[in-house]
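Let me begin by presenting the structure, written as C-alpha cells, before commenting on it.
The values are calculated or read from the model by the stated rules, or taken from the named source; none is laboratory data. Note that the coordinates shown come from a computational prediction; the quantities given were computed from them, not determined experimentally. Backbone-built Cβ (ideal geometry, glycine too); neighbour counts: all protein chains shown. Remember, those area values only see protein heavy atoms, side chains included, never the ligands or the DNA or RNA. Shrake-Rupley method; radii C 1.70, N 1.55, O 1.52, S 1.80 Å.
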Amino acid sequence: MIDGGEAIRKLALNVARYTGLAPLAKPFVGGIGAILMLHRVTATPEKPDGVNRHLNIAPGFLDAVIADMKADGYAFVSLEEAIERIKAGGKGGQFATITADDAYRDNMTEALPVLEKHGAPITIYVAPGLIDGAADLWWDVVEDIVNARDRLTLATPDGPVTIDCSTRGKKLQANNRLHTWLTLEVREEDLRAALHEFARMNGIRLDGQQPSTLMNWDEIRTMAAHPLVTIGAHTINHVNLKRLSEADARHEIGDVRRILQARLGEEPRHLAYPYGYASAVGCREVGFARDAGYVSAVTTRHGVLRAEHSGFLLALPRISVNGRYQSVAHIRTMLSGVTTPLANAGKMVVTI
C-alpha cells in the first residue's frame, strides 16, 4: 500500500517518454493488449491526502485514458473476449479489458457512467468476506487508527512499543510500521483479530460492519445484471494466499465460487489473487486456481499482454491505473511495453 519507489518509477516513465523511446519501442514490445487494473474511481475521496490515496483515480481521468486508448486503436472488450483474443495470439488488433478489485461502491456510481459512455466492459472482483463485514479493508483501518491518535502502543514479543503519530511524517512511518507488523509478523489467519485487539488496546472501537465504501449485495446483484459488467472472485476474505496452509488456500480460492453462485446466481469464471505480488501468489496458488476451474486469473504484476500468455491464463499481468500516475502520458508509456521488462528484471512475458 505504501510505495517508496514511486519517484524512481516516475523518473523512468518520464525518461522513456521524453527520449521518444516509448513510441519507438511499442511496435516491438507493446504486445497484443492489456488488462487495466482499478480500485476506486471517485471525484470526492474521503481522504484525498491519505496514505492510501493512490488506490483512487478521478472519473475524468478514467474517461481520458479510455478515450486516448480508443484513439490509439485499442478495442475495449470483456474479459471473456480478452481471453479468447489471447488464445488467438492477438489477431484482430490491440485490445484492452478493464478490471476492478474489491467492489467499491464508486465503481457503480462514478465509474460505470464513464464505462457506459465508451461501451467499455469491466470485471469486478468480489471478496464476500469484505462485503459481509467478516474481513477488513485493513489498510484503511490502519490509516484511521493512526489518524485518530498522536501516540499508539503496539504489543510485541519483546514488550510494548510506543509508536509516535504526532506529525504527518510520523503518521506515515507509523502506517509503514503497522503494515510490516500485519503482513510479516502476524499470521495471516490472525490478522483481523490482531488488528482489532490493537485498536482496543489503544481505545479505538471497530464495529466490524461492512465498510460504507463497498457495494452491498443488492448493488452487486444490480451490477452483475448490467451488460457491461462481469463479476469475478477475489477469494473469500481477501487473504494473502501464500501465507496460508494448502487447505486454507484451496478453501479461499475454491469455495468463493460457490458462495458467489449462491449470492448472485452464477459461478464466477475469473479470479484475482489478493495483493497479487510475488510474496502473495506463486506456482502453488496458480495450481489451486486451475484445480478450482477458473478460466483466468490475474495478478498485480506490471506488464502488457503477449501472445505467449495463452499458456499462462491463470497468471496474467495487469497495468495499474492508479492515483500515483494520473497522467495519460504515463499510461501511454506503460502500454508501449517499455516498462514491462524494467519492472520485471528484464522479463517480457510476465506471469508470476
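Taken over region 30-78, the criterion of being without any contact (Cβ under 8 Å) to a residue 40 or more places away in the chain and of a type in the set (A, V, I, L, M, F, W, C) is satisfied by Ala71, Ala75.
Of all residues in region 235-257, at least one satisfies being in contact with a helix residue (DSSP H, G or I) (Cβ under 7 Å, 6 or more places away or on another chain), within 18 Å of Glu143 (Cβ to Cβ) and open to solvent by less than 80 Å² (accessible area, probe 1.4 Å). Here Thr99 qualifies as within 21 Å of Ser310 (Cβ to Cβ) and either among the hydroxyl-bearing types (Ser, Thr, Tyr) or without any contact (Cβ under 8 Å) to a residue 12 or more places away in the chain (or both). Check region 206-223 and report whether any residue there is basic (Lys, Arg) and under 20 Å from the mean Cα position of the chain (by Cα). No, region 206-223 has no match at all. The residue that is least open to solvent (accessible area, probe 1.4 Å), among those in region 24-57 that are of a type outside the set (Lys, Arg), within 26 Å of Lys87 (Cα to Cα) and assigned to a helix (DSSP H, G or I), is Ala25.
Hey, any hits in region 249-263 for a residue that's farther than 30 Å from Pro157 by Cα, of a type outside the set (Val, Ile, Thr) and not in a helix (DSSP H, G or I)? No: region 249-263 contains no residue that is farther than 30 Å from Pro157 by Cα, of a type outside the set (Val, Ile, Thr) and not in a helix (DSSP H, G or I).
Taken over region 212-234, the residue count meeting the criterion of being touching a strand residue (DSSP E or B) at 6+ places or on another chain (Cβ under 9 Å), within 12 Å of Ala103 (Cβ to Cβ), part of a loop (DSSP other than H, G, I, E, B) and open to solvent by 20 Å² or more (accessible area, probe 1.4 Å) is 1.
Residue count for region 151-181 under the criterion of being touching a residue at least 40 places away in the same chain (Cβ under 8 Å) and aliphatic (A, V, I, L, M): the result is 4. Look at region 207-219: where a residue is within 11 Å of Leu130 (Cβ to Cβ) and a partner is of a type in the set (Val, Ile, Thr) and open to solvent by 50 Å² or more (accessible area, probe 1.4 Å), sitting 6+ places away or on another chain with Cβ atoms under 9 Å, you get Met215/Thr222. Per the listing Val304, Val338, Val298, the residue uniquely crowded, with 17+ Cβ neighbours inside 10 Å, under 23 Å from Ile32 (Cα atoms) and modelled with pLDDT under 95 is Val338. Among the conditions (1) surrounded by fewer than 21 Cβ atoms within 10 Å (Cβ to Cβ); (2) more than 30 Å from Asp255 (Cβ to Cβ), the only one that Ala174 does not satisfy is (1). Please work out if Thr109 is open to solvent by less than 20 Å² (accessible area, probe 1.4 Å), modelled with pLDDT of 95 or more, hydroxyl-bearing (Ser, Thr, Tyr) and within 23 Å of Asn216 (Cα to Cα). It is false that Thr109 is open to solvent by less than 20 Å² (accessible area, probe 1.4 Å), modelled with pLDDT of 95 or more, hydroxyl-bearing (Ser, Thr, Tyr) and within 23 Å of Asn216 (Cα to Cα). The set of residues in region 191-213 that are closer than 21 Å to Arg40 by Cα and touching a Phe, Trp or Tyr at 6+ places or on another chain (Cβ under 6 Å) contains only Thr213. Of all residue pairs spaced 6 or more apart or on separate chains, those with beta-carbon atoms under 7 Å, a first member in region 233-244 that is closer than 21 Å to Glu267 by Cα and a second member that is modelled with pLDDT of 95 or more and among the aromatic types (Phe, Trp, Tyr) are Ala233/Tyr125; His234/Tyr125; Leu241/Tyr273. The helices (runs of 4 or more DSSP H) falling completely within region 69-188 that include 3 or more residues that are under 30 Å from Ala262 (Cα atoms) and over 18 Å from the mean Cα position of the chain (by Cα) map to 79-87, 112-118. Right, Glu84: over 30 Å from Gly133 (Cα atoms), modelled with pLDDT of 95 or more and open to solvent by 10 Å² or more (accessible area, probe 1.4 Å) or not? Spelling it out, Glu84 is indeed over 30 Å from Gly133 (Cα atoms), modelled with pLDDT of 95 or more and open to solvent by 10 Å² or more (accessible area, probe 1.4 Å).
Just one of the listed residues (Gly323, Gly282, Gly293, Gly311) is at positive phi and not hydrophobic (A, V, I, L, M, F, W, C), namely Gly293. Just one of the listed residues (Leu152, Leu137) is within 30 Å of Arg221 (Cβ to Cβ) and touching an Asp or Glu at 6+ places or on another chain (Cβ under 9 Å), namely Leu137. If only residues of region 189-203 that are assigned to a helix (DSSP H, G or I), under 17 Å from Arg149 (Cα atoms) and not aliphatic (A, V, I, L, M) are counted, the one that is least open to solvent (accessible area, probe 1.4 Å) is Phe198.
Only a single criterion out of (1) modelled with pLDDT of 95 or more; (2) open to solvent by 10 Å² or more (accessible area, probe 1.4 Å); (3) aromatic (Phe, Trp, Tyr) is not satisfied by Tyr273, namely (2).
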